[in-house]
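Colleague: The structure follows.
Just so it is clear, none of the values below were taken in a lab; they were calculated from the coordinates. Keep in mind that what you see is a predicted model, and the values were worked out from it rather than measured. All Cβ positions, even for glycine, are placed from backbone atoms using ideal geometry, and neighbour counts span all protein chains on display.
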Amino acid sequence: MDPFPPGFEKCDSLRSDYIRVITLQQLERTSRSVDERLGEATSIPKRLIRYWHDPSDLPEDVRVCLNSWDRLGDEGFEFYMFDDASAAEYIVDHACPVVSQTASMLYGNSHHPFGSPFL
């Protein structure tokens, strides 16, 4: 029986639960470890980038989803959490000069760092 009723995609918490369930099911389907699979493509770094505009105000379903990936830390993954300000700072510091200049201009003129143009 499907635990997700028709129309579940319209409910934030059920939609988050669904994505978490199918993602974790996919991870459990493989008999090979993450290390074995990533060993085949050594150029892919073991980094998980997380973003939420304000991490101090995470909805519970988002918190549960983000926390569901913590077990990958045991397999050598690094975790990074960005919010509006840290994402803006990273883009300004690491992007090519044209993107950095545009980001600085938008960041300086916006009450909400980057808003929809970038994030």
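Colleague: Between Cys11 and Leu72, what is the label-to-label distance in nm when each label sits 7 Å out along the Cα-to-Cβ direction?
Modeller: With each label point 7 Å from Cα toward Cβ, the separation is 2.7 nm.
Colleague: Within the set of other residues whose C-beta is less than 15 Å from the C-beta of Asp12, count the net charge using Lys and Arg as +1 and Asp and Glu as -1.
Modeller: Around Asp12, the surrounding residues sum to -1.
Colleague: Please list, ordered by chain and number, the residues whose modelled amide H lies under 5 Å from the amide H of Met81; skip anything fewer than 5 residues away on the same chain.
Modeller: Correct list: Arg50.
Colleague: Subtracting the Cα-Cα distance from 0.36 nm times the residue separation, let me have the gained length for Val21 to Arg47 in nm, one decimal.
Modeller: Stretched out fully, the Val21 to Arg47 stretch lengthens by 7.2 nm.
Colleague: Give me the net charge of Val92's neighbourhood, meaning all other residues with Cβ under 15 Å from the Cβ of Val92; Lys, Arg count +1, Asp, Glu -1. List each step's numbers first, then the result.
Modeller: Details: positive: none; negative: Asp83, Asp84, Glu89, Asp93.
For residues surrounding Val92, the net value is -4.
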